[in-house]
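Visitor: Starting off with a structure, shown below.
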Amino acid sequence: MKKSFFSLVAVVVVCFCVLSAHASSPLLLQKPTLSKTHIAFAYAGDLWLVSREGGEAHLITSGTGTKTDPVFSPDGSMIAFTGDYDGNVDVYVMPSAGGVPRRLTHHPSWTK
């Protein structure tokens, strides 16, 4: 009796875990852009890079704020994007392999 009870509990726990995993929100990969060899996209407020052949995507931005709207340079060596690092939206550019973003615009923030 005890063995069947624990088996039943184990089955219920496994089913709950599987259903919870499938009920989570879907991945919303946004704003994809293509170069000859890579795809860049926005996900969870950061930019990611993956080979056009597929494989594992790699995070190329970090920090606070939202980064979105990636666009490759014609030769694919740089990525321009919209970033909200300092509380206001500006345009940044960085090497497509990753690195430190360089701010191109300086939109002033509103002061109260």
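The values are calculated or read from the model by the stated rules, or taken from the named source; none is laboratory data. As the structure is a prediction and not an experimental result, all values here were calculated from the model. Don't worry about glycine lacking a Cβ; one is built from the backbone with ideal geometry, like all the others, and counts go over all protein chains shown. What goes into the accessible areas is simple: the full protein's heavy atoms, side chains included, and nothing from ligands, DNA or RNA. Shrake-Rupley method; radii C 1.70, N 1.55, O 1.52, S 1.80 Å.
Visitor: Of the residues that sit in the range 70-90 and are closer than 16 Å to Lys31 by Cβ and open to solvent by 60 Å² or more (accessible area, probe 1.4 Å), which one is farthest from the chain's Cα centre (by Cα)?
Guide: Only one residue tops the list, namely Val89.
Visitor: Looking only at the range 34-55, how many residues end up being without any contact (Cβ under 8 Å) to a residue 60 or more places away in the chain, part of a loop (DSSP other than H, G, I, E, B) and not hydrophobic (A, V, I, L, M, F, W, C)?
Guide: From the range 34-55, those without any contact (Cβ under 8 Å) to a residue 60 or more places away in the chain are 34, 36-55; that's our starting set.
This time we only want the ones that are part of a loop (DSSP other than H, G, I, E, B), so: 36-37, 44-45, 52-55.
Next, from what is left, pick out any that are not hydrophobic (A, V, I, L, M, F, W, C): 36-37, 45, 52-55.
Going through the range 34-55 one residue at a time, the tally reaches 7.
Visitor: If I filter the range 90-100 for residues that are farther than 25 Å from Thr37 by Cα and either in a loop (DSSP other than H, G, I, E, B) or without any contact (Cβ under 8 Å) to a residue 40 or more places away in the chain (or both), do I get at least one hit?
Guide: There is at least one residue in the range 90-100 that is farther than 25 Å from Thr37 by Cα and either in a loop (DSSP other than H, G, I, E, B) or without any contact (Cβ under 8 Å) to a residue 40 or more places away in the chain (or both).
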